[in-house]
Amino acid sequence: MKQIARSGGANLLGSGLSAIAGFALVVVISRRWDPATAGLFFAASSIFLIAVAISQLGVDQGLVRFLAWNTARKESSANRHLVRNGVAVSLGVAGALGVAAIFLAPALNGLLGGGDAPEESVGMLVVFAAALPVAAGYELMLAIARGFAHMRPTIYIERIVRPLLQVGAVVVAALAHANLVWLAIAWAGPYVVAAACAGVAVARIARRSPEAFPQGTRSTNRAARGEFWRFTIPRGLSRMTLVALQRSDIALVTVLAGPAEAAIYTAVTRFLVLGQLANTAIQQVSEPQLARLLANANIPGTRRVTQQLTLWSVALTWPIHLTAFVFADVVLGMLFGPEYEQGAPALRILALAMLFSTAMGPLDTLLNMAGRSTQSLVNTTTALALDVVGCLLLVPHWGIFGAATAWAAAICVRNTLCFFQVRKTVHVTPMSRGAVFMICATVVMFLLLPALGRGLLPDRLAFQASMLGFSCLCYAGILGWKRHLVSPKP
């Protein structure tokens with residue numbers, strides 16, 4: 001637990017900076033470009049991230065799991081072959097998708113409604129298509145490093161370097177009144193720098209640990225390759241559907257309700273990333289640790305780690321999501337502009353869904369590290385189908401609130417399925433007395449007290465802010481009082 005806490009703490013700091021940078025990107029783009037243009041860009045960037053997930057084929061997760069398992073079992077003979085084979089296949093798919101996207105850019109532009117300046121929007125899509133193989137290779141390099149329990153490349157490059165470069169480049173593009181093509185270059189260009197840095201980091205790991213990449217025999221490589229792809233292909237589909245679950249609704253809102261509505265919906269969903277990234281930071285660090293525990297059939301250790309991670313997730317993310325629920329309209333209006341306040345109901349229902357999701361802990365990570373990637377795929381596919389059907393049925397009538405309702409339902413269904421599967425197969429549940437205590441504390445501090453402030457003086461923002469500040473001070477005192485709950489145990 002101490003190793004997870006040290007890495008998780010550093011990763012959390014990096015994730016906090018990354019979340020702020022990503023949030024700043026949405027604010028800058030929403031403020032500088034009109035909602036229709038911003039919505040078109042957000043839809044294109046969402047499709048780009050879905051394409052990256054498709055090209056991965058689950059290789060990133062497969063490398064993390066198998067490199068960690070092989071290290072724990074001292075069976076590293078197939079590592080070199082798995083890395084070469086996985087990276088080659090993934091980059092091949094990314095290249096094919098990029099070429100196809102270039103040829104299909106005009107048709108996709110028409111589907112997204114980019115009709116006012118088609119040459120600009122088509123050029124933006126071409127830029128994203130060209131950056132696709134670079135982004136895919138970058139993700140793989142970071143996965144290799146994490147597989148050997150080296151979190152620094154992910155923390156420094158993914159959490160700090162790339163987000164800050166993106167913000168800086170987009171701010172320059174905004175000041176220069178750049179068109180969509182240059183905005184896409186500013187957003188995608190940092191992937192090139194980040195990929196080069198990640199490649200250097202992996203090369204250093206290989207030089208310092210030559211025993212991690214021995215030359216395996218042909219029979220060993222063939223057997224390891226078969227096991228690798230049996231795990232990875234379902235995981236790849238699961239990862240693709242998960243990213244689609246997180247991003248496809250933005251594209252669907254663009255098609256069904258228009259780019260302007262998509263800009264408002266993006267602002268709503270990106271605010272939740274502030275909480276999601278904190279949770280992701282903890283879970284990402286835990287992947288190799290859980291893989292080693294499960295490889296050694298250490299169920300008590302797995303249960304202890306899972307419950308501690310759940311407690312940390314609740315303590316870190318519930319204050320953010322509860323604050324978003326109470327101050328949804330205020331936050332959207334102040335940060336993005338008055339026209340974005342209409343997204344408050346959507347933000348509130350998504351905040352409730354995220355409260356439920358974080359209370360379930362790292363169950364999907366645990367399911368995958370236990371080799372149950374097919375079950376994870378079924379869960380995510382079910383949730384994606386529910387989200388897409390829900391958007392198609394609700395968005396034409398309810399707008400972005402319909403999209404938020406569909407996504408919230410999908411999140412709850414996916415986590416519920418995962419909960420029962422983990423309890424049945426791994427015999428682990430995420431909840432503990434400490435987590436229940438933190439849930440009660442956050443509800444009082446960040447829901448009841450701020451809501452009381454809004455109810456007493458609804459027009460006095462300064463008073464409401466002081467009530468929220470008082471809640472933060474009280475919560476800090478609670479964390480100090482109950483520090484034995486959140487401190488790592490040996």
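Among the residues of the stretch 300-339, those that are under 19 Å from the mean Cα position of the chain (by Cα) and of a type in the set (G, A, S) comprise S313, A315, A324. In the stretch 417-432, which residues are surrounded by 17 or more Cβ atoms within 10 Å (Cβ to Cβ) and more than 13 Å from T306 (Cα to Cα)? Selection gives L417, C418, Q421.
With the structure loaded, tell me whether R204 is surrounded by fewer than 18 Cβ atoms within 10 Å (Cβ to Cβ), at pLDDT 80 or above and part of a helix (DSSP H, G or I) or whether it fails that test. Judged against the criteria, R204 is a match.
Take G14 and tell me if it is over 17 Å from the mean Cα position of the chain (by Cα), modelled with pLDDT under 85 and crowded, with 21+ Cβ neighbours inside 10 Å.
no
Does L386 count as under 20 Å from A353 (Cα atoms), touching a Ser or Thr at 6+ places or on another chain (Cβ under 7 Å) and surrounded by fewer than 21 Cβ atoms within 10 Å (Cβ to Cβ)? Spelling it out, it is not the case that L386 is under 20 Å from A353 (Cα atoms), touching a Ser or Thr at 6+ places or on another chain (Cβ under 7 Å) and surrounded by fewer than 21 Cβ atoms within 10 Å (Cβ to Cβ).
If the condition is being surrounded by fewer than 23 Cβ atoms within 10 Å (Cβ to Cβ) and either within 30 Å of N79 (Cα to Cα) or among the charged types (D, E, K, R) (or both), then the stretch 91-129 contributes L91, G92, V93, G95, A96, L97, G98, D116, E119, E120. Of the residues that make up the stretch 241-260, is at least one surrounded by fewer than 24 Cβ atoms within 10 Å (Cβ to Cβ), assigned to a helix (DSSP H, G or I), charged (D, E, K, R) and modelled with pLDDT of 85 or more? No, every residue in the stretch 241-260 fails to be surrounded by fewer than 24 Cβ atoms within 10 Å (Cβ to Cβ), assigned to a helix (DSSP H, G or I), charged (D, E, K, R) and modelled with pLDDT of 85 or more.
Name every residue in the stretch 445-464 that is in contact with a Phe, Trp or Tyr (Cβ under 9 Å, 6 or more places away or on another chain), part of a helix (DSSP H, G or I) and either without any contact (Cβ under 8 Å) to a residue 40 or more places away in the chain or closer than 24 Å to Q308 by Cα (or both), in order of residue number. Once the filter is applied, which keeps residues that are in contact with a Phe, Trp or Tyr (Cβ under 9 Å, 6 or more places away or on another chain), part of a helix (DSSP H, G or I) and either without any contact (Cβ under 8 Å) to a residue 40 or more places away in the chain or closer than 24 Å to Q308 by Cα (or both), the stretch 445-464 yields M445, F446, L447, L449, G453, L456.
All of A403, A435 fail the test of being crowded, with 21+ Cβ neighbours inside 10 Å, in a helix (DSSP H, G or I) and in contact with a Cys (Cβ under 6 Å, 6 or more places away or on another chain), apart from A403.
The values are calculated or read from the model by the stated rules, or taken from the named source; none is laboratory data. All values derive from a computational prediction rather than experimental measurement. Ideal geometry is used to build each Cβ from the backbone, glycine not excepted, and the neighbour counts take in all protein chains shown.
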